[in-house]
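Here's the structure we're looking at; comments come further down.
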Amino acid sequence: MVETSPAMDDRTCGSCSLCCYLLGVKQLEKPSGVWCRHCRPGDGGCTIYPDRPRDCHWYECEWLQGMVGDEWFPQRAHIVLSYRWRSRSFSVSVDPQFPDRWREEPYFSQLCQMSMKNRMRIYIGDQESFMLYEGKLTQRRQAREVRLVF
């Protein structure tokens, strides 16, 4: 994790809407790994933004919160990093078009470092799932769906 700087306080989603693809939203019956029907990627984002569901309203990825460096901007990293308060773990949602991105630097070493204090659940579509904890990697047979839950 990084210290918040004034520049990080100004972070916005901008042209990024990767969370609208990788994460599921229960109130919209939207599964993970499918574009939200209300999202127009690269063309204005969410079409129901003022009336979006509660889970979408409260959601901010770790990059947007300023908890990680600029290299974690989801549109560039092809990874959406989320902290899950209920399970006290991170969800690392990886764009299935870039399935090994999380294994690349600078991401992998940072994930290993973060895993010393928190479990890291790594999702790549619904095909693979990994757990990283205390620097140890285990593979699961099938991923559970990643949903926005508060």
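Okay, here's what the table says:
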item	result
Cross-link reach list, lysines versus Lys117, counting only Cα pairs under 16 Å and skipping chain neighbours closer than eight places	Lys136
Expected 222 nm ellipticity per residue - DSSP helices of 4 or more, -39500 (n - 2.57), all of the chain, to 500	-3000 deg cm²/dmol
Estimated Rh, the chain: Kirkwood, alpha-carbon pairs, angstrom	15.6
Nitroxide proxy distance, nm - points 7 Å out along Cα→Cβ at Asp43 and Trp58	3.2
Mean Cα-pair separation over length for the chain, i.e. relative contact order, pairs under 8 Å, 6 or more apart, %	22
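Values in this text are rule-based calculations from the coordinates and carry no lab data. Remember, predicted model here, so these are calculated numbers, not experimental data. Here Cβ is always computed from backbone atoms with ideal geometry, including for glycine, and neighbour counts include all displayed protein chains.
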